[in-house]
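The values are calculated or read from the model by the stated rules, or taken from the named source; none is laboratory data. Please read these numbers as outputs of a predicted model, since none were measured by experiment. Because the Cβ atoms are built from the backbone with ideal geometry, glycine has one as well, and the counts that use them run over all protein chains shown.
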Amino acid sequence: MKKLMVILCAGLLLAGCGSKKEEDKGTAENRESKVCTLEQSGVKMEIGASAVDDIIDKLDVTVIFPLSAMGVDESTITDDMKAQMETAALKQIGVDKGEGIDVTTDLKDGNLSMKVAIDINKASDEAKKILNLEEAGESKLSDFVKSAEANGASCK
């Protein structure tokens, strides 16, 4: 679980970097989304960023673990266990679910995925500080993609 958090935090830190933009935030018609994917030691991480007028307002960080590499059978993971993992992930990060932050787990095709979704406009100032996203509302999607690709990610 600690490795998950290290990977997750690295993704959030990466997404939190950007330059300032003082212009109007725009409308939903100017919305664009990108998903950048990294894979290491069989663990896949997808960092999704959604922006209006190139300014990021939503982040989704999904970490996908192959259960076979962990020696776990999909049938042994219950909904209660998934809920416990979600609670542990939030506790490890130091934030609460709600107010723009959500965590979900899913089992599919022999993989366990954990997704942390962050709505920057709804997240509390305290949560943004903990996640190093204090200036994320001013981060450009284009800068995020360039940085992710420079660090070995594939973005679409």
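Here is how the numbers come out for the structure above:
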{"read-out": "Unique residue being small (G, A, S), modelled with pLDDT of 90 or more and farther than 12 Å from A49 by Cβ when the list is A117, A150", "value": "A150"}
{"read-out": "Complete set of residues in the range 53-67 that are touching a Gly at 6+ places or on another chain (Cβ under 6 Å) and either part of a strand (DSSP E or B) or over 22 Å from N121 (Cβ atoms) (or both)", "value": "D60, V61, P66, L67"}
{"read-out": "Positions within the range 39-50 being over 18 Å from K108 (Cα atoms) and over 12 Å from the mean Cα position of the chain (by Cα), in sequence order", "value": "Q40, S41"}
{"read-out": "Wholly within the range 79-156, helices (runs of 4 or more DSSP H) carrying at least 1 residues that are without any contact (Cβ under 8 Å) to a residue 60 or more places away in the chain and either within 18 Å of I64 (Cα to Cα) or touching an Asp or Glu at 6+ places or on another chain (Cβ under 9 Å) (or both)", "value": "79-93, 125-130"}
{"read-out": "Residues within the range 73-97 that are within 22 Å of the chain's Cα centre (by Cα) and not aliphatic (A, V, I, L, M), tallied", "value": "10"}
{"read-out": "Filtered residues of the range 98-109 (kept if more than 13 Å from I120 (Cα to Cα), surrounded by 14 or more Cβ atoms within 10 Å (Cβ to Cβ) and over 12 Å from the mean Cα position of the chain (by Cα))", "value": "T105, L107"}
{"read-out": "Conditions (1) touching a helix residue (DSSP H, G or I) at 6+ places or on another chain (Cβ under 7 Å); (2) within 23 Å of L38 (Cα to Cα): number failed by E86", "value": "(1)"}
{"read-out": "Qualifying residue in the range 51-70 (condition: at pLDDT 85 or above, more than 18 Å from the chain's Cα centre (by Cα) and small (G, A, S))", "value": "yes"}
